[in-house]
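Following: one structure in structure tokens, then a few remarks.
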Amino acid sequence: MLTRARATIAPRRAPPSLLLQPPEPRAALLEALGANEDEDHILVLGRDGPDLMCALLRAGAPRVTHLRSHERLEADSASLVIVPHVPSLDWLECALSPIRRALFTNGHLAVCIDPLPMTQTRVHRMLKLHGFAAIRASRVAARQVLTAEVPAFGLRRSARQEP
């Protein structure tokens, strides 16, 4: 038989803190691109598009489309084109002409590439040759992001020939 009983008090626990949510996989890229609510239509091009498309929609983008290939781009259909992964520089060179056609005047392009200086120089040169202006580079999560704009002046030719 027990002659003594000892009561113990359980130590007080602190209330469970909210578990930190892992950051959005593409949060750094979205932050680098800035506000996207003003974009009429965002086009995500390439294989890494679904995750980025969902992140853009959660961030408040009004219209986002994902295409795996550049072959079916409609003319003047996007205000921003994002290429989150460039499979090769040859692929990018073939894709830049349809991308340029798909962008509105004053439209933007964002391309994520490897951070090698030689790659950046080559992509910068390709963008200039395809008529892009205001080309800027920034470092985002161990990747290099080049952004460029379609200028509002000059580079499109008229169908009418001057005498």
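What nm distance separates the two modelled labels at residue 122 and residue 65, each placed 7 Å from Cα along Cα→Cβ?
That separation, rounded to one decimal, is 3.0 nm.
Charges only on Cβ, +1 for Lys and Arg, -1 for Asp and Glu: so what's the dipole of region 40-163 about the Cα centre, in debye to the nearest 20?
180
Taking all protein chains together and a probe of 1.4 Å, list 31, 39 from the most accessible to the least accessible.
Output order, biggest surface exposure first: 31, 39.
Would you check the accessible area of residue 139, probe 1.4 Å, heavy atoms only, in square angstrom rounded to 10?
For residue 139, solvent-accessible area is about 150 Å².
The values are calculated or read from the model by the stated rules, or taken from the named source; none is laboratory data. All of these numbers come straight from a predicted model, not from anything done at the bench. So basically every Cβ, Gly included, is an ideal-geometry build from the backbone, and we count neighbours across all protein chains shown. Heads up: the accessible areas ignore ligands, DNA and RNA and are worked out on the full protein's heavy atoms, side chains in. Shrake-Rupley method; radii C 1.70, N 1.55, O 1.52, S 1.80 Å.
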